[in-house]
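Each value in this text was obtained by applying a stated rule to the coordinates, not by laboratory testing. What you see is a predicted model, and the numbers here were worked out from it, not measured in a lab. Glycine also receives a Cβ, built like all others from the backbone with ideal geometry; neighbour counts cover every protein chain displayed.
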Amino acid sequence: MFTGIVEELGSVVALVRPDGPAGADANPDTDAVAPDTVAPDAVLTVAGPLATSDARPGDSIAVDGVCLTVTSVADGAFVAEVMPETLRRTSLGGLVPGARVNLERALPANGRLGGHVVQGHVDGVAVLVRRTPGPRWDDLEFSAPAALTRYVAEKGSVALSGVSLTVTWVSDDGFGVSLIPTTLAATTLGRLVPGDSVNVEVDVLAKYVERLMANGVAR
């Protein structure tokens, strides 16, 4: 599991698909592929000195909030396989070489739960609608389908591209968050512009409660 506290900004080295690579020589303007049109699976290589400092094959690293299993490590970069379900649910299929991504290693048993319980199992994507700068913070407004917002609660927690955040407001078709200076500087959220997508993982407790109630367990 993870906590939604980003450790470093990694850089995409390559996203290789069965129908052709998007590697170091790819053109980001012409080779980007939308998440819903990518090949059935892919192999992602990401550079991250901190994330790879103690990484071994089989370890878990969250990339923009997506839990991926390390298959190999070399020269400050790690490789992970991205399965079809992950490509359908997340924005990883649209990554191009040079793109920055939020990285977090799995939480050790004696680690601090600085954010909230994050599994790295993305539920879907939301789109930035509006960004309102404040004196030292930014307010962000996202649009999202009702299938996601039903699990989002005002003052509850949500993970956006792997960043643990507190929800400031929520409606049937969107929600808002506020970013402090540290989050703006240390994560990809500080670079978002309207129209950009983020991976969303809602609070897993909400999903379990709904599941239990639907099966008549909770009365």
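Annotations for the structure displayed:
- Pairwise Cα separations in region 116-219 fall into 5 Å bins from 0 onward with the following percentages, short to long: 2, 13, 24, 25, 17, 9, 4, 3, 2, 0.
- For region 124-209, the list of trypsin sites (Lys or Arg not before Pro) that fall in a loop by DSSP and count at most 16 other C-beta atoms within 10 angstrom reads Arg136, Arg150, Lys155.
- Of the two radii for the chain, the radius of gyration is 0.97 times the Kirkwood radius, both from the alpha carbons; that is the Rg over Rh value.
- Those trypsin sites (Lys or Arg not before Pro) in region 61-124 that DSSP places in a loop and that have at most 14 other beta carbons within 10 Å: Arg112
- Order by protection proxy (mean Cβ within 10 Å, highest first), peptides 91-99, 180-188: 91-99, 180-188
- Length-normalised contact order for region 37-150 - Cα pairs under 8 Å, 6+ apart - percent: 24
- Normalised by 2.2 N^0.38 Å, where N counts its residues, the alpha-carbon radius of gyration of region 147-191 equals 1.16.
- Fully extended contour minus Cα-Cα distance, from Met83 to Ser178, at 0.36 nm per residue: 31.0 nm
- Rg/Rg_globular for region 37-101, with Rg_globular taken as 2.2 N^0.38 Å and Rg from C-alpha atoms: 1.05
- FRET efficiency, 1/(1 + (r/R0)^6) with R0 45 Å, evaluated for Arg56 and Met213 via beta carbons: 0.65
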